[in-house]
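Have a look at the structure below before the remarks.
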Amino acid sequence: MRARMALKYAGIAVEIREIALKDKPKSMLQVSPKATVPVLVLDNGNVLEQSMDIMDWALQQSDKGRWLSLDSEHSQALIAENDGSFKQALDKYKYAIRFPEQPAETYRQQGEVFLQKLEGLLNQNSYLLAEHISIVDVAIFPFIRQFASVDAIWFETAPYPKLKHWLQSLISSELFQSIMEKQPTYLD
């Protein structure tokens, strides 16, 4: 999602191929033996296999809204926390049945440490690190969206008004809506 949003924002036309992860096409495995998504094959033949690499590449091509204008060190640290400890808590919360060592609520509480941090940041700015959307917002937003959907009723009543407003504004954005069009599953 975040790679698609950055590509769309940068105005880079790409062929989107929806992949069935249980039946990966041979053409994908040939260009990306690690066999995970996303994968972006550039015109020069280079292959980008990480969503953050795709975002960075796209924004180097075009960044009309200044998504990269923030303190890089602070941005990278927040994204690393999202992609690290928060994503681990999210995966356990989302798939709690696979992690029976703790109840789902424990994993949710682990994730809430990050939610509280984001709420604090949003008490200072309209977006996570500024008054305008940035790479940080787009990089983190899909994971907060997943977290919120695990137990939507709980999230609705959770004490994160700024975070909920931020999330809703991104979900309802034209950019997000434009990348959510369903694609047919790609077959070789």
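Among residues other than SER27 with Cβ under 10 Å from its Cβ, the summed charge is +2 (Lys and Arg +1, Asp and Glu -1). Counting only residues at least eight positions apart within a chain, or on another chain, the lysines with an alpha carbon under 16 Å from that of LYS87 are LYS117. Here the stretch 2-65 is assigned +1 on the Cβ of each Lys and Arg and -1 on the Cβ of each Asp and Glu. Its dipole about the Cα centre then comes out at about 220 debye.
Cβ under 15 Å from VAL138's Cβ, VAL138 left aside: what net charge do those residues give with Lys, Arg +1 and Asp, Glu -1? Kindly include the intermediate steps, with their values, before the conclusion.
Working: positive: ARG2, ARG4, LYS8, LYS64, ARG66, ARG145; negative: ASP53, ASP56, ASP63, ASP83, ASP137, GLU174.
Local net charge: 0.
Can you find, among SER85, PRO161, LEU40, the residue farthest towards the positive end of the dipole of the chain? Put +1 on the C-beta of Lys and Arg, -1 on that of Asp and Glu. Projecting each Cα onto the dipole axis, the largest value belongs to LEU40.
Fewest neighbouring Cβ atoms within 10 Å first, the residues VAL150, VAL136 line up as VAL150, VAL136.
Can you return the aspartates and glutamates within cross-link range of LYS24? Criterion is Cα-Cα under 12 Å, with same-chain partners fewer than 8 residues away left out. Filter leaves ASP188.
Computed from label points 7 Å out along Cα-Cβ, the spacing between ARG145 and ASN125 is 2.1 nm. Put a dot 7 Å past the Cα of GLN168, heading toward its Cβ, do the same for GLN50, and the two dots end up 3.5 nm apart. Each residue, SER178 and TRP154, gets one label point 7 Å from its Cα in the Cβ direction; the gap between the two is 3.5 nm. Computed over neighbours whose Cβ is under 15 Å from that of LEU40, the net charge equals -1, Lys and Arg +1, Asp and Glu -1.
Using the Cα centre of the chain as the reference point, and only Cβ charges (+1 on K/R, -1 on D/E), how large is the resulting charge dipole? Debye, rounded to the nearest 20. Walk me through the numbers before you get to the answer.
Numbers: 20 positive and 24 negative charges, 79 e Å.
Dipole magnitude for the chain comes out near 380 debye.
In straight-distance terms, cross-link reach from LYS64 covers every one of the aspartates and glutamates whose alpha-carbon lies under 15 Å from its own, apart from those fewer than eight places away in the same chain; here that gives ASP56.
Compare the Cα positions of ILE54, PRO100, LEU115 along the charge dipole of the chain (+1 at Cβ of Lys, Arg; -1 at Cβ of Asp, Glu; about the Cα centre) and return the one farthest towards the positive end. Towards the positive end, the residue furthest out is PRO100. Here are some values of mean projected area of the Cα convex hull in nm²: [x] 11.6; [y] 17.2; [z] 11.1. Which one was computed from this structure? Correct label is [x].
We did not get these values from a lab; they are worked out from the coordinates using the rules stated. It should be emphasised that the depicted structure is a prediction, and the values quoted were computed from it without experimental measurement. Backbone-built Cβ (ideal geometry, glycine too); neighbour counts: all protein chains shown.
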